[in-house]
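S.K.: A single structure is presented below for examination.
The values are calculated or read from the model by the stated rules, or taken from the named source; none is laboratory data. Everything quoted here is computed from the prediction, not taken from an experiment. Please note: Cβ atoms are built from the backbone with ideal geometry, for glycine as well, and neighbour counts cover all protein chains shown. With ligands, DNA and RNA removed, areas are computed over all heavy atoms of the protein, side chains included. Shrake-Rupley method; radii C 1.70, N 1.55, O 1.52, S 1.80 Å.
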Amino acid sequence: MLKADTLKNVAAVLLDGVNPFELGVVCEVFGLDRSDEGLPVYDFAVVAGESGPLSNHAGFTITTPYGIDRLEEADLIAVPAGQSFVDRDYPEDLLAALRRAVDRGARVLSVCSGVFVLGAAGLLDGRRCAVHWQHATELAVRYPRARVEPDVLYVDESPVITSAGTAAGIDACLHIVRQAHGTEVANAIARRMVVPPHRDGGQAQFVARPLPRTACDTVGGVLAWMERHLDTDITVEKLAERAHMSPRTFARRFQQETGTTPYRWLLRQRVLLAQELLEGSDETVDAIAGRAGFGNAAAMRHQFLRALGTTPNAYRRTFRGPAVSASRPEGRASSAAA
């Protein structure tokens, strides 16, 4: 997990043919000053990855005073997508800068076809990676040592994060913010951008039905009920009964309408609730485990390790400081969860 003091300096790589939307995603998340809302401000720069003029498919050119040397100080380097990124060559000094960044502990992020730049730098070798489903086959052919996952939104193989097309880049950027600053900050930025605060990286890129819940969604009412009852014992059989379906039909409809399984959806919501409570309340880990539906601190610790790579107490210390974690005594079970 990132810490806030390790994500202060962000650079976006500008290459000829860059897609304005994908570049804009990175600029929107990391390049805006939101200090008036108490949100972090990054030392942000758009960096020319090659000599200009640098144009895009919309017909305008982009200039920047920053060159590749600016990447040497970045904690995060983002490579947006672009036209013809699939089958072009890239400057060796850019690829070398990306490799050095990873070697010194910085993170690199690709949005959609920007992943081909990371592949050219050798940063996908032996790593799982995401890309827009249209480019998945080509990516696997060009970089056979990469473990391409063609149907997910994003993959975090720290220090390399790769995302699928367009909006999945927003998801990956918010994921990085969430890791560094917690859910409250990520949610606040998402609200400003008017986008969902979280979509799990393993969620499908496209689903049979639209993601937003509407009055005609088959499982929309059940989702709302699940959100209100995270602390109860929830099974597919119970959910199917509420939806007036057989368990098998309900599970299939749920997958079609949300892009994930009932179990994964429920587990992710429970983890998110626990994160919010750990950040914003002084309740013990045991109490939070109960409110979030994990039952006990040991079970929550197990799921936190799987989902976030950290424990609940460590998560609380990261985002609230050691003094807060130590300010209230915890029971034997919650102390063991550290």
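S.K.: Starting from the Cα of Thr232, step 7 Å toward the Cβ, then list every residue of region 250-277 with an amide N under 20 Å from that point.
M.R.: 250-251, 254, 262-274
S.K.: Going by a ≥ b ≥ c, the root eigenvalues of the Cα gyration tensor, does region 38-134 fall in the rounded group (a/c under 1.5), the prolate group (a/b larger than b/c) or the oblate group?
M.R.: It comes out rounded by the Cα gyration axes.
S.K.: Based on DSSP, what percent of beta bridges with both residues in region 1-137 are antiparallel, to the nearest 5?
M.R.: 20 percent
S.K.: So, one more: In the chain, what percent of the accessible surface is made up of carbon and sulfur (1.4 Å probe, ligands and nucleic acids excluded)?
M.R.: 50 percent
S.K.: Moving on. Taking the highest mean first, how do the peptides 111-118, 224-231, 53-60, 179-186 order by number of other beta carbon atoms within 10 angstrom per residue?
M.R.: Order by mean packing, descending: 111-118, 179-186, 224-231, 53-60.
S.K.: Just name one of Tyr263, Gly67, Pro91: the one whose Cα is farthest towards the positive end of the charge dipole of the chain (beta-carbon charges, Lys/Arg +1, Asp/Glu -1).
M.R.: The one lying farthest along the dipole's positive direction is Tyr263.
S.K.: Right, another one. Net charge near Val18, counting Lys/Arg +1 and Asp/Glu -1 over other residues with Cβ under 14 Å of its Cβ?
M.R.: Here the count lands on -2.
S.K.: How would you rank 39-50, 10-21, highest first, on the average number of other Cβ atoms within 10 Å across their residues?
M.R.: 10-21, 39-50
S.K.: Follow-up. Can you tell me what share of the DSSP beta bridges in the chain is antiparallel? A percent to the nearest 5 is fine.
M.R.: Bridges in the chain that DSSP calls antiparallel: roughly 30 percent.
S.K.: Per residue, how much accessible area does the chain have with a 1.4 Å probe, in Å²?
M.R.: I get 45 Å² per residue for the chain.
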